[in-house]
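Student: Here it is: the structure, laid out below.
A short reminder: the numbers here are calculations on the coordinates, not readings from a lab. Just so it is clear, the structure is predicted and the values come from calculations on it, not from any experiment. Positions of Cβ are generated from backbone atoms using ideal geometry, with glycine treated the same way; all protein chains shown enter the neighbour counts.
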Amino acid sequence: MMTLALAYLRDRAGQSLLNVLLLALAVASLVALLLVSARVTDRFARDSAGIDLVVGAKGSPLQLILSAVFHLDQPTGNVPLETVAMLRADPGVARAIPLALGDNFRGFRIVGTEPAFLDLHGSRLAEGRLWKESMEAVIGAEVARRTGAGLGQRFLGSHGLGADTDGAMAHAHAPFTVTGVLGPTGTVVDRLILTSVESVWDVHGIAHAEAAAGDHAHDHEHSHDHGHDHGKPATPALAGRATLEPEVTAVLVTYASPAAAIRLPAAINRETALQAAVPAQETARFLGLFEGAIAGARVLALLVAAAAALSIFTVLLAAARARAGDLALLRVMGARPGQLFGTVILEGLLLAAAGALLGLLLGHFAVELAARSFPALAATGVTGLAFLPGEGLILAGALLLGAIAAVLPAAAQFRTDLATTLARAQ
């Protein structure tokens, strides 16, 4: 049956190729949508795990989440250093991790923070040690792979959060030294360069020794106070210009009790000049912006798949009628109806399999090309080099379409009158 089915497909190679390409287009679209939506959703969930609240300067809460959690956007501004002490003194806060943003190295963001940030993402050192002194840094696995940097490497951070291709914005007076390389985690940490908050202040010429001591001095004084006196209007972010007083860009908060989820965000948004954004809510809102587009593209791909199935049905039905004499002769020569039925079904399956496999390759190629062309897309974890279980369902669906499209043409040979058909063929 296989030899006969292949022979029939070769006999109408042009039509067969058209059907394969049409189905491949549908499969490629579905695969690309699956890769992008699944990877983005999974990456956002992993990157925000353990972060219940983000406190930052007033502005867009979505922008605050994108900049402080996913590192995909510009910060909304800076917040006073006292904010960290205020949050740590709150009984509803189990952990408050400060972030200081503003610079990058070859497009990879330099983040001033504390070692607890690594625990938050389950990150561990692959080699070397954590930073101890100012201007020491630890690099993520993706940073090490893409830049070739290793232990002892010295590098210059550049002002701003976008890649500085010509080095015009580099801080030549303050080079960093790599003291550690992190193992891969599949989270945002892989593409970050981590250092101390003090290092970020030092790069921008911000004195901080007294302010840092004062931060701890305020711990008891502000233990239960979230009033206006603890927050001041957000000053420009480090990405914009250095400030005279040491500040941080945002604070990542983990609750100590469920009750804090009700009290703390409302208190911060109402009683201070700061804003509190919930990653889960903002991520859902962000992904919701694309749900309509993704659903529309999925419907379009399914319509193309249906058109491909209809085309396969039409071609196989026309072919079955055109070669009715051949099929009748085969039956006279001893071929069983079931064998001929299976041959036509096999034709449909071969067309569907070729289209599905080609579509699978095209979908992965398109996604990988897009990820390489648009760094922001790659930063979300989208890649064409990974295969997802859902792709198996797409392939199975394509094969089922091919089989269904071939059923009626295959069944037509059961209604053939052998004598009449052979007489007409003569």
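Student: If you take the beta carbon distance between L388 and T177 as r and set R0 to 35 Å, what does 1/(1 + (r/R0)^6) give as a FRET efficiency, to the nearest 0.05?
Tutor: 0.30
Student: Given the options V55, V36, L101, identify the residue whose Cα lies farthest towards the positive end of the charge dipole of the range 32-115 (+1 on Cβ of Lys, Arg; -1 on Cβ of Asp, Glu).
Tutor: V36
Student: At 7 Å along the Cα-to-beta-carbon direction for both L151 and A306, put a label point, then send me their distance in nm to one decimal.
Tutor: 6.2 nm
Student: Place a label point 7 angstrom from the Cα of V299 along the Cα-to-Cβ direction, then list the residues of the range 23-60 whose backbone nitrogen is under 20 Å away.
Tutor: 26-34, 37
Student: Give me the Å³ per residue figure for the convex hull around the C-alpha atoms of the range 55-115.
Tutor: Dividing the Cα hull volume of the range 55-115 by its residue count gives 96 Å³.
Student: Related question: A376 to E271: extension gain in nm, 0.36 nm per residue of separation minus the Cα-Cα distance? Each step should come with its number before you reach the end.
Tutor: Details: separation 105, 0.36 × 105 = 37.80 nm, distance 3.50 nm.
Answer, rounded to one decimal: 34.3 nm.
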